[in-house]
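In what follows, a single structure is set out as C-alpha cells and then discussed.
The values are calculated or read from the model by the stated rules, or taken from the named source; none is laboratory data. In this text, all values refer to a predicted model and were calculated from it rather than measured experimentally. Here Cβ is always computed from backbone atoms with ideal geometry, including for glycine, and neighbour counts include all displayed protein chains. Areas reflect the complete protein model, heavy atoms only, side chains present, ligands, DNA and RNA absent. Shrake-Rupley method; radii C 1.70, N 1.55, O 1.52, S 1.80 Å.
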Amino acid sequence: MLVNGKWTAEWHPVQSTDEKGGFVRQTSSFRHWVTPDGRAGLTGDAGFIAEPDRYHLYVALICPWASRTLIARKLKGLEEVVSVSVVEPWLLDEGWHFGDYPGANRDTLNHAEWVHQLYTQADGTFTGRATVPVLWDKKTHTIVNNESADIVRMFNSGFGHLAQSDIDLCPPDLLQEIERLNAEIYPSLNNGVYRAGFATTQISYAEAVREVFGMLDKLESRLADGRDFLLGDVFTEADIRLFVTLIRFDAAYYGLFKCNLRQLREYACLDSYTRRILAIPGIRDTVNIDHIKQGYYSIRALNPTGIVPEGPDMRAYALEGKS
Ligand SMILES: N[C@@H](CCC(=O)N[C@@H](CS)C(=O)NCC(=O)O)C(=O)O
C-alpha cells in the first residue's frame, strides 16, 4: 500500500483482519462524480463534466469490482467516450502492473508502470491501497473516483447524451429494491467469498461460507419463478453486481477461497441466469477466465506454490479457461 505517497510492500490482504480474524475491505478514497453539466455529484467536488475523450478507466480483469464498471461501460455504449487500460493479472509486491501479458496493456496515457503511480500522481501524499478500478481525468490529471459502485452509477446517468445506449441500469421505480438487494448480496456473497478466502480463523471462515451459500440458496429460490433477472424482466445494476461474482465462482472461489459446498453449475436457476447474462451482447468480452485464474491463484498467502489449476472446464459457458 501507499503511506504518505511512498510505496510499502509490508501490507498483505490477510493482515487486514478484525478481532475475530475476519477479512476487512478498505473503503475507497476518491469520490468525485462525472455529471452531464459538471455540477458536483453525491460526494466530492464539482468540475467533472461529461466530455468525450476526457476520462479513462483502469481495470484488472481478475477484479469483480473493476469488471462491474467494464460491463456498465459496454452496456451504456461508452466505449468511444471512456478509454480503458487493463493491468496484468497478478497483484505483485508493488501492486498492479502494466505490461504485455495477453489481454493486458501498457499505460499509454500516463506511462505508469504500476497502478500506485497513478495514485501518487493524483495525490503525492496518498495513504491507502492502490486499488482498481480507477476512473482517471485526462484534463486535470487526477483520479475522479476509485469506487466501482459510484462509477457504475456515473456510467449509467452521468454521461447524458454521450451514452450511446438508453438502457437504464437503475430505473427510479426499481431503485429501492436494487439498493435493498445490493445491501443484502454484497456482505454475504460479493464480499462474503473474500471473507471466506481470507479468514484466518476456522470460525470466521465457517461463518462466511454459511452466508455465501445461504445467499446462493436464497437467490436460487428467487429465480425459480422463471424470472429472467433479479428484478423481473429488466436487467439492472443488481444483476451486474451479482454476475461478476457468479462468473468467478467455480474458477476461483470454489477452490482457492474454499467455498466448496457446491459449484455454481449445481444451481440450475443461477446457472442459466449466468448464461443468460453472458449472452447479452458485449458482456462475454468483459470476462477473461485466464486472468481470473492467474490472478486469484497467484495470491501467495493462499497458494504458496502459485500453481494455477487446469480446471474447471468453462466450455459450457463458451469461455476459455486455459492456465
Ligand atoms: N471499493 C473498491 C474495492 C476495489 C478493490 O478491492 N480492488 C482490488 C482488486 S479486486 C484491488 O485493487 N486490490 C489491490 C490491493 O489491495 O492492493 C471498489 O469496489 O471499487
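Here are the numbers:
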{"quantity": "Failed item in (1) surrounded by 13 or more Cβ atoms within 10 Å (Cβ to Cβ); (2) closer than 21 Å to residue 66 by Cβ; (3) in contact (Cβ under 8 Å) with a residue 24 or more places away in the chain, with residue 308 passing the rest", "calculated": "(3)"}
{"quantity": "Failed condition for residue 164, given (1) farther than 20 Å from residue 255 by Cβ; (2) without any contact (Cβ under 8 Å) to a residue 12 or more places away in the chain", "calculated": "(2)"}
{"quantity": "Index of the failed condition, residue 250 passing every other in (1) outside any helix (DSSP H, G or I); (2) within 18 Å of the chain's Cα centre (by Cα)", "calculated": "(1)"}
{"quantity": "Flag if residue 150 is of a type in the set (Asp, Glu), within 16 Å of the ligand (Cβ to nearest atom), open to solvent by less than 40 Å² (accessible area, probe 1.4 Å) and farther than 18 Å from residue 91 by Cα", "calculated": "yes"}
{"quantity": "The lone exception for residue 111 - which of (1) outside any helix (DSSP H, G or I); (2) within 15 Å of the ligand (Cβ to nearest atom) it fails", "calculated": "(2)"}
{"quantity": "Unmet requirement for residue 130, which otherwise passes all of (1) assigned to a helix (DSSP H, G or I); (2) in the same structural domain as residue 65 (by TED's automatic domain parsing); (3) within 17 Å of the chain's Cα centre (by Cα)", "calculated": "(1)"}
{"quantity": "Output for region 72-85, where each listed residue is within 15 Å of the chain's Cα centre (by Cα) and surrounded by fewer than 22 Cβ atoms within 10 Å (Cβ to Cβ)", "calculated": "74, 84"}
